[in-house]
Amino acid sequence: MAKIIVVTSGKGGVGKTTSAAAIATGLALRGNKTIVIDFDVGLRNLDLIMGCERRVVYDLVNVIQGEATLNQATIRDKRTENLYILPASQTRDKDALTPEGVERILSELKEEFDFIICDSPAGIERGAQLAMYYADEAIVVTNPEVSSVRDSDRILGLLSSKTRRAEQGNDPVREHLLITRYNPERVDHGDMLNLDDITEILSIKLIGLIPESEAVLRASNQGVPVTHDNSSDAGQAYADTVSRLLGEEVTLRFHQAQKKGFLSRIFGGRR
């Protein structure tokens, strides 16, 4: 039986879809049959980051409205065995999503997959609420900025009150914190919130810390999840995040500024 994990955020532009793609890829690389679903109806960015935009024929809304089967709409990733994508519609309205339709799709997928990753739209509108409603676990993505952390706190309120688990009085959705675009040098200069500030405000367990990295933008532009770039700090940080999600103990990296060597200080070298 699959585990349903929603990747969510209160604020847009924090790297949520990038994280959903990277985590889904990491889970599949570890041998777990994984599908990632784009709930951002009307925008649809997941297929671009996964590099399969030209292969989209049917989408999530088509399946909900009975215009296509799950098998027709699901795209198998070309690079990673065990990884599948269910894209969102770019032309429909978010009202095309229905609780009954989403539940039917998730119930069918749970029989076949180990992990179902729901890439939620930012904020608290319909698509976001449906993406989190059936979740077993939630990865709340935030940047080290006051506005982003504040909005994430609001999402935590929804997770504790607006999910099926909350309505039925079951065990709550298990919450994880993922901090993206973390720059230790800027933190040291007071330009960003530090790790302790963020975890104290949100009071949920940290599952990953993704450093600010050009590798993330490069991977997104190439349509390749950054998890495949295991030589980059960001790729390694997402791999660590997946390991923690699977219950492994992994030491936190990339949260302290690296001291530059003599040549780096002279020439300003940067990898």
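The values are calculated or read from the model by the stated rules, or taken from the named source; none is laboratory data. Quantities reported herein were computed from a predicted structural model and do not represent experimental measurements. Cβ sites come from the backbone with ideal geometry, for glycine too, and all protein chains shown count toward neighbours. We work out accessible area using only protein heavy atoms, side chains counted, and drop any ligands, DNA or RNA first. Shrake-Rupley method; radii C 1.70, N 1.55, O 1.52, S 1.80 Å.
With the structure loaded, tell me whether A22 is within 23 Å of A215 (Cβ to Cβ) and buried (at least 21 other Cβ atoms within 10 Å of the Cβ) or whether it fails that test. Taking the combined requirement at face value, the residue satisfies it.
Pairing residues of region 120-132 that are part of a helix (DSSP H, G or I) with residues that are surrounded by fewer than 24 Cβ atoms within 10 Å (Cβ to Cβ) and hydroxyl-bearing (S, T, Y), at Cβ distances under 7 Å and at least 6 apart in sequence or on separate chains, gives M132/T163. Scan region 7-54 for residues that are basic (K, R) and within 20 Å of S89 (Cα to Cα) and the total you get is 3. Of the listed requirements (1) touching a residue at least 12 places away in the same chain (Cβ under 8 Å); (2) closer than 28 Å to R44 by Cα; (3) out of contact with any Asp or Glu (no Cβ under 8 Å at 6 or more places or on another chain), N230 misses just one: (1).
Tell me, which residue of region 230-247 that is within 19 Å of the chain's Cα centre (by Cα) and open to solvent by 40 Å² or more (accessible area, probe 1.4 Å) is modelled with the lowest pLDDT? Within region 230-247, the match that is modelled with the lowest pLDDT is N230. Taking region 95-107 as the search range and keeping residues that are surrounded by fewer than 14 Cβ atoms within 10 Å (Cβ to Cβ) and of a type in the set (D, E), which one is modelled with the highest pLDDT? Result: E100. The set of residues in region 133-148 that are buried (at least 21 other Cβ atoms within 10 Å of the Cβ), without any contact (Cβ under 8 Å) to a residue 60 or more places away in the chain and either basic (K, R) or assigned to a helix (DSSP H, G or I) (or both) contains only Y133.
From the list R76, R92, the one residue that fits, being open to solvent by 30 Å² or more (accessible area, probe 1.4 Å) and either farther than 26 Å from I124 by Cβ or in contact with a Leu (Cβ under 6 Å, 6 or more places away or on another chain) (or both), is R76.
Of the residues examined, V7 is one that is outside any helix (DSSP H, G or I) and touching a residue at least 24 places away in the same chain (Cβ under 8 Å). Do you know which residues across region 163-185 are of a type outside the set (A, V, I, L, M, F, W, C) and surrounded by 16 or more Cβ atoms within 10 Å (Cβ to Cβ)? Hits for region 163-185 are T163, R165, R174, E175, H176, T180, R181, Y182, N183, P184. Scoring E112 on the criteria (1) farther than 28 Å from Q90 by Cβ; (2) assigned to a loop (DSSP other than H, G, I, E, B); (3) open to solvent by 60 Å² or more (accessible area, probe 1.4 Å) leaves a single failure, condition (1). Tell me yes or no: at least one residue of region 168-191 is of a type in the set (S, T, N, Q), closer than 17 Å to G10 by Cα and in a strand (DSSP E or B). Within region 168-191, one or more residues are of a type in the set (S, T, N, Q), closer than 17 Å to G10 by Cα and in a strand (DSSP E or B). In this structure, A122 qualifies as open to solvent by less than 90 Å² (accessible area, probe 1.4 Å), small (G, A, S) and under 30 Å from N143 (Cβ atoms).
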